[in-house]
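Undergrad: Structure in structure tokens, see below.
The values are calculated or read from the model by the stated rules, or taken from the named source; none is laboratory data. Every value quoted in this text rests on a predicted model; they were computed, and no experiment measured them. With ideal geometry, Cβ positions are generated from the backbone for all residues, glycine too; neighbour counts draw on all protein chains shown.
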Amino acid sequence: MLIEQLKPKERRGSKPRCHLLTHGKAEDVAEALTALVAPFASVSPEDCWMPVGFTDVQEAELNKAPRLLNAHVRSQLGAWWLPADRQTARTPNFDIASTCTIGGASGLLLIEAKAHDQELRKEEVGRVIDADASDERRASHGTIGTAIAEAADGLARVTAAPCHISRDTHYQMSNRFAWAWKLTELGVPVVLVYLGFLRAAEMQDRGEPFASHSDWQQLVQAHSAPLFQVDPWERRWTCNGNSLVPLIRSASQSLVERDAC
């Protein structure tokens, strides 16, 4: 059984569905990913993605992902997000990341996936420093705040409206947009997808599964509203001369029928 290759706590919700989405022949994975981002971008069988189904289950920390980005871009990302002496510290993990083509240029597809409403609602908080926080987490708190503030300024210029992404509120969505913006500054076009997996009934004990695309779309838009004074979704923004395309997408992915493969 494919899903049994994951840790027990990872066998339901959005995580196994992300592995199933990237499982199988390269042609099939590329087609599935392209369906999520068309007409703004495309993924070919020659592109690279993380995770790779159940063969390589590692999610992408972009500053440590040579399959996705060259050494120069990776080092610049690390230097922007982390203190100079903490470059091995953890950085945000993307549920799925893939090279792709955006407007004829080589770019990156970044996917943040959820399977029930509380996965997003609990992300309204800022980045927390607990009493038992590691030295690395404490050390990076300042650099992360500076990095997101820089991205907020950049996005405000692009959208011609104030942008309120911040380390101290809605931290996950803030860092997703910040990393997407920084990549454009480093010459990499980006499609950022918030992906809702529909009808994940096994998650009813944790939150409300999404019954329809409309349910998911309304939740994401409400979540992002405090961060942007213009709707950032479903359009191509030009950041630093490169495309940034934030999209809200949904998909149905049965755990049962694909787990039998």
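Undergrad: It is to be established whether one or more residues within region 202-214 are assigned to a strand (DSSP E or B) and either more than 19 Å from Ala180 (Cβ to Cβ) or in contact with a Leu (Cβ under 9 Å, 6 or more places away or on another chain) (or both). Write out each step before concluding.
TA: Step one: filter region 202-214 for residues assigned to a strand (DSSP E or B), giving 209-210.
Subset that is either more than 19 Å from Ala180 (Cβ to Cβ) or in contact with a Leu (Cβ under 9 Å, 6 or more places away or on another chain) (or both): 209-210.
Yes, there is a match, as at least one residue in region 202-214 is assigned to a strand (DSSP E or B) and either more than 19 Å from Ala180 (Cβ to Cβ) or in contact with a Leu (Cβ under 9 Å, 6 or more places away or on another chain) (or both).
Undergrad: Output the number of residues of region 120-144 satisfying the condition of being of a type in the set (Lys, Arg) and crowded, with 16+ Cβ neighbours inside 10 Å. Write out each step before concluding.
TA: First, pick out the residues of region 120-144 that are of a type in the set (Lys, Arg): 121-122, 127, 137-138.
Now drop any that are not crowded, with 16+ Cβ neighbours inside 10 Å, which leaves 127, 137.
Final tally of qualifying residues: 2.
Undergrad: Which residues, counting only those in region 148-185, are closer than 20 Å to Ala65 by Cα, under 17 Å from the mean Cα position of the chain (by Cα) and not hydroxyl-bearing (Ser, Thr, Tyr)?
TA: Gln172, Asn175, Arg176, Phe177, Ala178, Trp179, Ala180, Trp181, Lys182, Leu183
Undergrad: Taking the condition of being within 16 Å of Gly196 (Cβ to Cβ), in a helix (DSSP H, G or I) and of a type outside the set (Gly, Ala, Ser), how many residues in region 8-32 meet it? I'd like the intermediate steps shown before the answer.
TA: Step one: of region 8-32, the residues within 16 Å of Gly196 (Cβ to Cβ) are 12-18, 20-21, 32.
Checking the rest, the ones that are also in a helix (DSSP H, G or I) come to 14-18, 20-21, 32.
Filter once more, so that each one left must be of a type outside the set (Gly, Ala, Ser): 15-18, 20-21.
Counting residues in region 8-32 that are within 16 Å of Gly196 (Cβ to Cβ), in a helix (DSSP H, G or I) and of a type outside the set (Gly, Ala, Ser) gives 6.
Undergrad: Moving on. When the residues of region 13-41 are filtered to those that are in contact with a Gly (Cβ under 7 Å, 6 or more places away or on another chain) and over 26 Å from Arg236 (Cα atoms), which remaining residue is surrounded by the fewest Cβ atoms within 10 Å (Cβ to Cβ)?
TA: Gly24
Undergrad: While we're here: Looking at Ala156, Ala222, Ala180, which is the one that is hydrophobic (A, V, I, L, M, F, W, C), touching a Leu at 6+ places or on another chain (Cβ under 6 Å) and part of a helix (DSSP H, G or I)? If you could, list the steps in order and put the result at the bottom.
TA: Working: Ala156 fails: touching a Leu at 6+ places or on another chain (Cβ under 6 Å); Ala222 fails: touching a Leu at 6+ places or on another chain (Cβ under 6 Å).
The conditions single out Ala180.
Undergrad: Next up: Does Trp216 fit the bill of being closer than 17 Å to Leu120 by Cα, at pLDDT 95 or above and touching a Phe, Trp or Tyr at 6+ places or on another chain (Cβ under 7 Å)? Lay out the reasoning, then the answer.
TA: On the way: closer than 17 Å to Leu120 by Cα: yes; at pLDDT 95 or above: yes; touching a Phe, Trp or Tyr at 6+ places or on another chain (Cβ under 7 Å): yes.
In short, yes.
Undergrad: Identify all residues within region 156-176 that are under 11 Å from Leu227 (Cα atoms) and either out of contact with any Lys or Arg (no Cβ under 8 Å at 6 or more places or on another chain) or without any contact (Cβ under 8 Å) to a residue 24 or more places away in the chain (or both); write none if there are none.
TA: First, the residues of region 156-176 that are under 11 Å from Leu227 (Cα atoms): 156, 161-166, 169-171, 173-174.
If the condition is that a residue be under 11 Å from Leu227 (Cα atoms) and either out of contact with any Lys or Arg (no Cβ under 8 Å at 6 or more places or on another chain) or without any contact (Cβ under 8 Å) to a residue 24 or more places away in the chain (or both), then Ala156, Ala161, Pro162, Cys163, His164, Ile165, Ser166, Thr169, His170, Met173 are the ones that fit.
Undergrad: Going residue by residue through region 131-138, is there one that turns out to be more than 30 Å from Asp205 (Cβ to Cβ), within 20 Å of the chain's Cα centre (by Cα) and outside any helix (DSSP H, G or I)?
TA: no
Undergrad: Have a look at Gln5, Gln58 and point out the one that is within 16 Å of the chain's Cα centre (by Cα), of a type in the set (S, T, N, Q) and surrounded by fewer than 18 Cβ atoms within 10 Å (Cβ to Cβ). Walk me through how you get there before you give the answer.
TA: Working: Gln5 fails: within 16 Å of the chain's Cα centre (by Cα).
Unique residue meeting the criteria: Gln58.
Undergrad: Same structure, new question: Take region 112-130 and flag every residue that is under 22 Å from Arg167 (Cβ atoms) and either hydroxyl-bearing (Ser, Thr, Tyr) or assigned to a strand (DSSP E or B) (or both).
TA: Glu112, Lys114, Val125
Undergrad: May I pose another question? Checking the conditions here, which among Pro232, Pro246 is within 18 Å of Asp95 (Cα to Cα) and either part of a loop (DSSP other than H, G, I, E, B) or of a type outside the set (A, V, I, L, M, F, W, C) (or both)?
TA: Numbers: Pro232 fails: within 18 Å of Asp95 (Cα to Cα).
Just one listed residue meets the conditions, Pro246.
Undergrad: Search region 90-117 for residues being of a type outside the set (A, V, I, L, M, F, W, C), in contact with a Cys (Cβ under 7 Å, 6 or more places away or on another chain) and farther than 14 Å from Leu21 by Cβ, and hand back the single one that is surrounded by the fewest Cβ atoms within 10 Å (Cβ to Cβ).
TA: Thr99
Undergrad: Is there a residue in region 76-98 that is over 17 Å from the mean Cα position of the chain (by Cα), among the aromatic types (Phe, Trp, Tyr) and in a loop (DSSP other than H, G, I, E, B)?
TA: Within region 76-98 (the criterion being over 17 Å from the mean Cα position of the chain (by Cα), among the aromatic types (Phe, Trp, Tyr) and in a loop (DSSP other than H, G, I, E, B)), the answer is no, since none of the residues qualifies.
Undergrad: Let me ask something else. Quickly run through region 33-75 and pick out the residues that are more than 19 Å from Asn93 (Cα to Cα) and not in a loop (DSSP other than H, G, I, E, B).
TA: Residues satisfying the conditions are Thr34, Ala35, Leu36, Val37, Ala41, Ser42, His72.
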